[in-house]
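*Asks:* This is the structure I have questions about; it appears just below.
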Amino acid sequence: MGKERSGGEKQKRMVVGVVCNFAAELKLLLTALLLLCTLVTLLQFVPSRFTISASDLRFCISPIAASPSPSLSDTQSDDLLSSGILRRAFHPYGAAAYNFITMGTYRGGPNSFAIVGLASKPLHLYSRPAYQCQWLPSNSKQNNTNITSSLAYKILPDWGYGRVYTVVVVNCTFSHPVNLDNSGGTLLLHASTSGGGDSKFNLTDTIPALTEPPGTFNLSLFTSIPKYDYLYCGSSLYGTLSPQRVREWIVYHVRLFGERSHFVIHDAGGVHEEVLEVLKPWMELGYVSLQDIREQERFDGYYHNQFLVVNDCLHRYKFMAKWIFLFDVDEYIFVPPKTTLGSVLDSLSDYSQITIEQMPMSNKLCHSVDAAKRHRRWGFEKLVYRDVKRGIRRDRKYAIQPRNVYATGVHMSQNLGAGAKTTHKTEGRIKYFHYHGTIAQRREPCRNLVNSTDINFESNPFVLDTTLRDLAGSVKKFELKMIGSRLYNTRQ
């Protein structure tokens, strides 16, 4: 009995010793388990829009394991064959550009969607990447046999101007309407490289492009009267913009476009604090929406990705406006006296796209009559000399009826729907005055004062044109009526 008791005591001491020796390891294990449980709990509260794509996972684990896993031939070095030929080996690392970058996904109808984004330009220029769309219903009772899929077609609307990235609009059209029961679902985009970049692999990224929560699908959107008569889709604003020029431009066009109008401004770095102060009164009245798109500067596309921006704007507001205008903030739309913008566009309603003639104005020449008061005059009030040089093809800007357009450009759209028509014969009915470069000058623009009705300046002929100057008084009164005097001290 004594021996048995002493043996039991030895075993107890051994167990205690083992526990003590591994106490640090046990603490570490328990801590890890606690952190894991905490992480699982927190993930339940992450919004549904937060997703991790296959490409994200590959990026995360790339330091540990390459994807796709290289074969033995990929990891071999140069090999001298028995024939005396040296077989060289090539070793790929990293990736030059993303397969696809989404900006927005929008409904085009009960059975169609438009996905607007960027993709690798070399991939589209020298290869044939493919896209497929898939709708996943939220209703868990529906099994996989009820999931519908659609072959998609792509539109490249940037006329070849892309750089590292080009703009891609992917149209997904299903054979029948999806989510008619309003139970919700997710649109997936399967973007395949089709061997582009590396013919040995056909990589496919599955992208959750759009999620419709239950009860959010509004079928009447596609048939109801648009909220706005006229909507402005602005290109990317960048650089050091003049607050005064922006002030003049916005009030002029709110007056011209009327109460049922809206202006979408895209800030690519140009809306600094002083410009924001000019926009705020109109934002408060509901005329202006401001979108911060500075993040797009990460991706090297053409001219601050302006083709991407205007195509996103088109599809975002496609069913909210009767007409969408596309022009710049140093350009002023004009219709002749005794007409209105509404009457002009009604006369052109048979066309889905109209282009607008340019009136190029000098950004330096002012009349000497304004010499003493030029610092108090508005830009379009004192820059009164128009370039009349002939034989030059000048850029036109345009307006579209968006429901008939699949994609858009900067100077016109080349992707209209079947049967949709374009007209360029708008002379005498609508035009725009272009004060090139004035929006980016924070200085007095009148550098040369002229006391003449015509002049040759810098090898170009100019004539006096007071068309917009004559409207300045009415525009200023309109501003006072709408927002008061809060912008009177705006600087150049």
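The values are calculated or read from the model by the stated rules, or taken from the named source; none is laboratory data. Computed from a prediction, not measured in an experiment: that's the story for all the values here. Don't worry about glycine lacking a Cβ; one is built from the backbone with ideal geometry, like all the others, and counts go over all protein chains shown. Accessible surface is based on the protein model in full, side chains and every heavy atom, while ligands, DNA and RNA are left aside. Shrake-Rupley method; radii C 1.70, N 1.55, O 1.52, S 1.80 Å.
*Asks:* Give me the aspartates and glutamates in straight-line cross-link reach of K154: C-alpha distance below 15 Å, same-chain residues under 8 apart excluded.
*Replies:* D312
*Asks:* How about K227: which aspartates and glutamates have a C-alpha closer than 13 Å to its C-alpha, ignoring those fewer than 8 places off in the same chain?
*Replies:* Straight-line reach from K227, under 13 Å: E259.
*Asks:* Rolling a 1.4 angstrom probe over the protein chains, ignoring ligands and nucleic acids, what is the accessible area of L86 in square angstrom, nearest 10?
*Replies:* Only protein atoms counted, so the area is about 90 Å².
*Asks:* Next question. Considering only protein heavy atoms, with the full assembly of protein chains and a 1.4 angstrom probe, order R245, R396, R376 by accessible area, largest first. Display every interim value, and only then the final one.
*Replies:* Numbers: R245 15, R396 60, R376 170 Å².
Correct descending sequence by accessible area is R376, R396, R245.
*Asks:* How would S82, S413, S343 line up by accessible area, probe 1.4 Å, largest first?
*Replies:* Reading off the accessible areas and sorting them downward yields S82, S343, S413.
*Asks:* Now a separate question. Just to verify a number: what accessible area does E427 come out at with the full protein assembly present, 1.4 Å probe, Å² rounded to tens?
*Replies:* Per-residue accessible area (E427): approximately 100 Å².
*Asks:* I've got another one for you. Could you compute the net charge surrounding S349? Neighbours are other residues with a C-beta less than 14 Å from the C-beta of S349; K and R count +1, D and E count -1.
*Replies:* Computed value for this residue: +1.
*Asks:* Calculate, for region 230-275, the solvent-accessible area per residue in square angstrom, rolling a 1.4 angstrom probe over the heavy atoms of the protein chains.
*Replies:* That works out to 24 Å² per residue.
*Asks:* Net charge around Y406, counting only other residues with Cβ within less than 13 Å of its Cβ (Lys, Arg = +1; Asp, Glu = -1)?
*Replies:* Here the count lands on +3.
*Asks:* Another question, if that's okay. What relative contact order, as a whole-number percentage, does region 225-488 give when Cα pairs under 8 Å and 6 or more residues apart are counted?
*Replies:* With pairs under 8 Å counted, the relative contact order is 25 percent.
*Asks:* Continuing with this model, one more query. With a cut-off of at most 11 other beta carbons within 10 Å, and DSSP calling the residue loop, which chymotrypsin sites (Phe, Trp or Tyr not before Pro) in region 449-490 qualify? Please list them.
*Replies:* Loop-located and lightly packed - Y488.
*Asks:* Could you tell me the accessible area of R163 in Å² (1.4 Å probe, neighbours in place), rounded to the nearest ten?
*Replies:* Approximately 140 Å² of R163 is accessible to the 1.4 Å probe.
*Asks:* Here is a follow-up. Take the alpha carbon gyration tensor of region 175-291, find the square roots of its eigenvalues, order them as a ≥ b ≥ c, and report rounded if a/c is under 1.5; if not, report prolate when a/b exceeds b/c, else oblate.
*Replies:* oblate
*Asks:* Of the lysine pairs in region 311-406, how many meet both conditions: Cα atoms under 30 Å apart, and a spacing of 8 or more in sequence or different chains?
*Replies:* Within region 311-406, the lysine pair count is 14.
*Asks:* How much accessible area per residue does region 444-492 have, counting only protein heavy atoms and a probe of 1.4 Å, in square angstrom?
*Replies:* Heavy-atom SASA per residue in region 444-492 reads 62 Å².
*Asks:* Using only Cα atoms, locate the centre of region 411-449 and the centre of region 77-117, then give the distance between them in Å, rounded to an integer.
*Replies:* Value for the Cα centre distance between the two parts: 39 Å.
*Asks:* Post the alpha-carbon centroid distance, region 329-401 to region 452-492, in whole angstrom.
*Replies:* 11 Å
*Asks:* What aspartates and glutamates could a cross-link reach from K421, if we take a straight Cα to Cα line under 13 Å and drop same-chain neighbours fewer than 8 places away?
*Replies:* By straight Cα distance, K421 reaches D350.
*Asks:* Let me ask something additional. Carbon and sulfur: what percent of region 88-218's accessible surface (1.4 Å probe)?
*Replies:* Carbon-and-sulfur percentage of accessible area, whole number: 53.
*Asks:* Next question, about the same structure. Take S362, S138 and sort them by solvent-accessible surface of the protein heavy atoms, 1.4 Å probe, largest at the top.
*Replies:* Correct descending sequence by accessible area is S138, S362.
*Asks:* List the relative contact order of region 212-359 as a percent without decimals, with contacts defined as Cα pairs under 8 Å and 6+ residues apart.
*Replies:* It comes to 33 percent, rounded to a whole number.
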